[in-house]
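Q: Could you have a look at this structure, given as structure tokens, before my questions?
The values are calculated or read from the model by the stated rules, or taken from the named source; none is laboratory data. Remember, it's a predicted structure, so these values are computed and weren't measured experimentally. Cβ sites come from the backbone with ideal geometry, for glycine too, and all protein chains shown count toward neighbours. With ligands, DNA and RNA removed, areas are computed over all heavy atoms of the protein, side chains included. Shrake-Rupley method; radii C 1.70, N 1.55, O 1.52, S 1.80 Å.
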Protein chains: 2
Amino acid sequence: MRLTKRLAVGVALSIFSYQLFADTSVVSDEQKATAAQLMESALESDLGFDIVESLTTEIGPRLGGSEAEKRARDWGVKLGKKLGFDKVSIEEFTMPFWDRGHLHISLNTPYQQALYGTALGGAAPSEKSIQTEVVYFRDIHALSEVKPGELAGKIAFVDGDLLVKSQTGAGYGQANQRRRKGWQYAERGNARALVVRSVGSDSRRFPHTGMMSKDGDKWASIPVIAISNPDADHLRRLHNLGKPLSLTLHSESKWKGDVSSGNVILDLVGSEKPEEIVLIGGHLDSWDLGTGAVDDGAGIAITTAAAALISKLPKRPKRTIRVVMFGAEEVGLLGAFAYAKQHEDNLHNHVVATESDFGAQTIWQLVSNVNPEATLLIDEIAKVISPLGIVRGGSDVPGGGPDIIPLVEQGVPTIRLNQNGRDYFDLHHTPDDTLDKIDPDELAQNIAAYAATIYLIADSDVVLKK
Amino acid sequence: MRLTKRLAVGVALSIFSYQLFADTSVVSDEQKATAAQLMESALESDLGFDIVESLTTEIGPRLGGSEAEKRARDWGVKLGKKLGFDKVSIEEFTMPFWDRGHLHISLNTPYQQALYGTALGGAAPSEKSIQTEVVYFRDIHALSEVKPGELAGKIAFVDGDLLVKSQTGAGYGQANQRRRKGWQYAERGNARALVVRSVGSDSRRFPHTGMMSKDGDKWASIPVIAISNPDADHLRRLHNLGKPLSLTLHSESKWKGDVSSGNVILDLVGSEKPEEIVLIGGHLDSWDLGTGAVDDGAGIAITTAAAALISKLPKRPKRTIRVVMFGAEEVGLLGAFAYAKQHEDNLHNHVVATESDFGAQTIWQLVSNVNPEATLLIDEIAKVISPLGIVRGGSDVPGGGPDIIPLVEQGVPTIRLNQNGRDYFDLHHTPDDTLDKIDPDELAQNIAAYAATIYLIADSDVVLKK
Ligand SMILES: [Zn+2]
Ligand SMILES: [Zn+2]
């Protein structure tokens, strides 16, 4: 039982205020009262934190395609059954497996010093240890101008800047170009390896990993290593002093052929329109460096706990609520594409889809991308959840989360409960993504918002499709 | 040129106020005005930050007895000459060298997961890789009760708690018993290795290293590995779930025989009583994991910059000001003991001694341990530096810093400018001890306080000895 008195009082007041007005909205007073009850229950419950504690502790890191990710699927099935979902299943798919292996990276000139680095997803191994000089590029624009062959025999280092901390994560996409595409320029220059300043807002000595982008069908053929912000600062200062730099680098990261992964599907079957699906979820896989608490154990916990609270109501909502624990998100949205493919004949029945995958801090905004009539429903829902400190954002904002992208491409409408992401890129894809970073009260606020929102959509007759 | 307007205004006002009162104190109005000038200069100067930037960037990590520490001594000599000290020298000594080598530590049961660990100073190597079960101890008290032979064939893990963040560092000494003495109990139990929860106030996945204590003349004969707080949390949670734990551990850390180290001595020779020495300093060595910015590049920068500012005055103060850059502090105060030994015939001429070795945050208190008449001098100095936000603390507080211990044992009086250590044990002895953690304004406040304080003692005739 959690103590979140301030929020709980706000919710109670709002229940009272519903009684004062006539029921002219698309949401009935009874539904509003049920939603308020769900919020109260969520704020008092430890269920969400217990779920993410269990996942991070009992399974640990769970890289897409790994044996650990398989254990996570079994964990998801067991959890779904224990929580009383009506249908629980695993939908398998095949994927190529990339393994990080061992990395050594150190400064060699002007002196020996260990650097804190990690391979980027998709990187090739160094055949043996590379020891050679470094060519410094101030940013991705400078690297993009490299001439063919210009870096032959050398290691390219692409610097950049500390990501500015932001509620919305603004700036991440642009900064991330050096992680995504830097290797293509380095290969054009015929560099032996690329070292990249980590994309993160923290001054900790942990590198942030993450997937690179393919160039057409081609992955990088050289090692690509992210180093921490303080390590990148260090190289920049040495470079600015006019010191020639050289590094020693040995990386074993490589592709290892096809393996199995899967999505875990937990359904609360609708009482009136079971064929209509309200899809929520998070991704079950995590990067291998941390234990995937904020990315995305939190999303799994938030959406599963929200649905579990709804399952305790006397009656199932009209529509089916489906929690999808997506597999292999980090390594290319592979579970998401597999889901869209496996359900391609039924996507017209997906009423709305949304994912929680931006950490575990409080939700501050509800946005949507549905038809104008349904926008009124979302407006009403926003009023219901406003005691949680959530404001109504845009009604024409595309995107419901990374794993929803393939569904959006097929015309599935979306909403999104936007979380405060201020600390997200401090932790994201680093060894520091561990359970201690989650505030149970903030997590509970997320669950309250999801429970009320999803209940109200699932119990509605409003069509959301544009 | 730095912009610290608020502090600068405070200093200016205090200069004015000196004019209003008759000169009845042990500090003359002229001395006070000079001290105020020094503070103003310090707050406007980048010298301190430039010094610590140079040390951490151009030398990097500098473990006691290493080749890097030798480069740091050469750097110190060059710096002292460039800054115009009257005498610059290195005093060498011999010391045993402990080398960290490579470590692998991972969870093996209930599943494979890398742990973030580091060997503690003085630890022995594992002959080969150890893979065996873990016996959990909730704290050092539980471990201290282990019976002879009880841990045969096993790895002991001694848990503990997150250090509470504290301005004064209170609690560190007690918590540190598990690092210092844990191995003695583990060896009594005949454990194959000891794993220790890091002593730190941070929830980052960096382990804190540090020296163990000898048992008489004996160092540990087993590997002793500190793991980060989040890793220790993880083991605790698994243990509390009743899961049997096993680890895989391979450590190369070992003693490697005798090497040379040294102290760097920078003197501003006194104009009237050159034989009387006011000793300030920090330690030049650092742990090998970070670049030793807050521990103790900051102390080197603060004391060297303070003396350098005093050297720019038209006339040298009456007494000699000596900056000692102590070698090999982290590995057992070896430079400090060497200094006390090498100067044993002259310690009666050491008027007072103090060290800056608690990070780079602002100074909040001045304490002393001098005779009652001299206490009045320190009281006056406290008034002079009070515009920096510094209060007068106890006049009977022993200790001037770790490297001052051997001097205190020989009766040398001490003062100490106490820094806010709230963030110190987040960073201390971790890879995260890097330049970006230092706030240039806070560093400048330290230099202002040292410059005024040391100038006023060096230009005084008051005897401080008890
Ligand atoms: Zn994610
Ligand atoms: Zn220190």
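Q: Would you mind classifying segment B:101-252 by shape? Square roots of the alpha carbon gyration tensor eigenvalues, ordered a ≥ b ≥ c; an a/c under 1.5 is rounded, otherwise it is prolate if a/b is larger than b/c and oblate if not.
A: In terms of gyration-tensor shape, rounded.
Q: Send over a whole-number figure in Å² for the accessible area per residue of segment B:233-280, probe 1.4 Å. Working shown, then result.
A: On the way: 1850 Å² over 48 residues.
Counting only protein heavy atoms, the per-residue value for segment B:233-280 is 38 Å².
Q: Could you rank A:ASP86, B:ASP267 by how accessible they are, 1.4 Å probe, largest area first?
A: A:ASP86, B:ASP267
Q: Return the whole-Å distance between the Cα centroid of segment A:177-194 and the Cα centroid of segment A:388-421.
A: A separation of 33 Å, based on Cα centres.
Q: Antiparallel as a % of all DSSP beta bridges within segment B:101-252, to the nearest 5?
A: Values: 16 of 29 bridges.
Of the beta bridges lying entirely in segment B:101-252, close to 55 percent run antiparallel.
Q: Can you work out the Karplus-derived ³J(HN,Hα) for every residue in segment B:211-223? Use 6.51 cos²θ - 1.76 cosθ + 1.60 with θ = phi - 60°, whole Hz, and x for glycine or proline.
A: Karplus values, whole Hz, x for Gly and Pro: 7, 8, 8, 6, 9, x, 9, 9, 8, 4, 10, 10, x.
Q: Leaving out ligands, DNA and RNA, what percent of the accessible area of segment A:267-401 is carbon and sulfur, probe 1.4 Å?
A: For segment A:267-401, the apolar C and S fraction of the accessible surface comes to 55 percent.
Q: If you don't mind, another one. Summing Lys, Arg as +1 and Asp, Glu as -1, what charge do residues with Cβ under 11 Å from the Cβ of A:ALA353 carry, A:ALA353 excluded?
A: 0
Q: Are any of the pairs A:LYS273/A:LYS315; A:LYS437/B:LYS243; A:LYS32/A:LYS312; A:LYS181/A:LYS214; A:LYS154/A:LYS243 more than 18 Å apart by Cα-Cα distance, and if so, which?
A: A:LYS437/B:LYS243
Q: Roughly what would the spin-label model give for A:ASP29 and A:VAL259, points 7 Å off Cα along C-beta, in nm?
A: 5.7
Q: List the distances, in nm and shortest first, from the label point of B:GLN342 to the matching label points in every other copy, placing each point 7 Å from Cα along the Cα-to-Cβ direction.
A: 7.1
Q: Under 1.5 on a/c is rounded, so check that first for segment B:379-454, then, if it is not, pick prolate when a/b is larger than b/c and oblate when it is not; a ≥ b ≥ c are the square roots of the alpha carbon gyration tensor eigenvalues. Intermediate values should be presented prior to the final figure.
A: On the way: a/c = 2.30, a/b = 1.23, b/c = 1.87.
Oblate shape, in that a/c is at least 1.5 and b/c is the bigger or equal ratio.
Q: Ok, one more. Please give me, ordered by residue number, the trypsin sites (Lys or Arg not before Pro) of segment A:65-134 that lie in loop per DSSP and have at most 10 other Cβ atoms within 10 Å.
A: Here the trypsin sites (Lys or Arg not before Pro) that fit, given the DSSP loop and packing criteria, are A:LYS128.
Q: Rank these by accessible area, largest first, 1.4 Å probe: B:ARG319, A:ARG316.
A: Final ranking, largest accessible area leading: A:ARG316, B:ARG319.
Q: Counting protein heavy atoms only and a 1.4 angstrom probe, how many square angstrom of accessible surface do chains A and B bury in total, to the nearest 100?
A: The buried area between A and B, both sides summed, comes to about 2400 Å².
Q: Could you please state how large a percent of the accessible area of segment A:101-252 is carbon and sulfur, counting protein chains only and using a 1.4 Å probe?
A: It is 48 percent, rounded to a whole number.
Q: At R0 = 41 Å, how high is the FRET efficiency between A:LYS128 and B:GLN174 if r is their beta carbon distance? Nearest 0.05 is fine.
A: 0.25
Q: Can you list residues from other chains, or at least 5 along the same chain, whose modelled amide H is less than 5 Å from the amide H of B:ILE363?
A: Close amide H contacts, sequence-distant or interchain: B:ASN420, B:ASN446.
Q: What does the copy distance list look like for B:ASP439, label position 7 Å along Cα→Cβ, in nm and ordered from shortest?
A: Listed shortest first, these distances are 2.1 nm.
Q: Using 7 Å Cα-to-Cβ label points, what is the B:LYS383/B:ASP396 separation (nm, one decimal)?
A: 2.4
Q: With label points built 7 Å along Cα→Cβ from the Cα atoms of B:LYS315 and B:HIS104, find their separation and express it in nm.
A: Spacing of the two 7 Å Cα→Cβ label points: 6.9 nm.
Q: What whole number of Å gives the distance from the Cα centroid of segment A:307-375 to the Cα centroid of segment A:239-286?
A: Each part reduced to its Cα centre gives a spacing of 17 Å.
Q: Peptides B:88-97, B:400-409, B:445-454: what's the order by average Cβ count within 10 Å, highest mean first?
A: Working: B:88-97: 16.5, B:400-409: 22.4, B:445-454: 29.4.
Top of the packing list down: B:445-454, B:400-409, B:88-97.
Q: Provide a list, ordered by number, of residues in segment B:201-218 showing at least 40 Å² less accessible area with every protein chain present than when their chain is taken on its own, using a 1.4 Å probe.
A: B:SER203, B:ARG204, B:ARG205, B:PHE206
Q: What does the charge add up to near B:ARG236, with Lys and Arg as +1, Asp and Glu as -1, over the other residues with Cβ less than 13 Å from its Cβ?
A: -3
Q: Can you list the residues of segment B:112-130 that have at least 30 square angstrom less accessible area with all protein chains present than in their chain by itself, probe 1.4 Å?
A: SASA drop of 30 Å² or more in segment B:112-130: B:GLN113, B:TYR116.
Q: While we're here: Is segment A:190-250 best put as rounded, prolate or oblate by its Cα gyration tensor, with a ≥ b ≥ c the root eigenvalues, rounded for a/c under 1.5, and otherwise prolate when a/b is larger than b/c, oblate when not?
A: It comes out oblate by the Cα gyration axes.
Q: With θ taken as phi - 60° and the coefficients 6.51, -1.76 and 1.60, list the Karplus ³J(HN,Hα) couplings across segment A:115-129 in order, rounded to whole Hz; mark glycine and proline as x.
A: Along segment A:115-129, the couplings run 10, 9, x, 8, 5, 8, x, x, 5, 8, x, 7, 4, 9, 6 Hz.
Q: For B:GLN131, which inter-copy label distances result when the label point lies 7 Å beyond Cα on the Cα-to-Cβ vector, reported in nm to one decimal and in ascending order?
A: In ascending order, 3.2 nm.
Q: With every protein chain in place, what's the accessible area of A:GLU187 (1.4 Å probe, Å², nearest 10)?
A: Here the residue's solvent-accessible area equals roughly 40 Å².
Q: Taking the axis about which chain B rotates onto chain A, which residue of B lies nearest it as judged by Cβ position, and how many whole Å separate them?
A: With distances in whole Å, chain B gives B:ARG204, 3.
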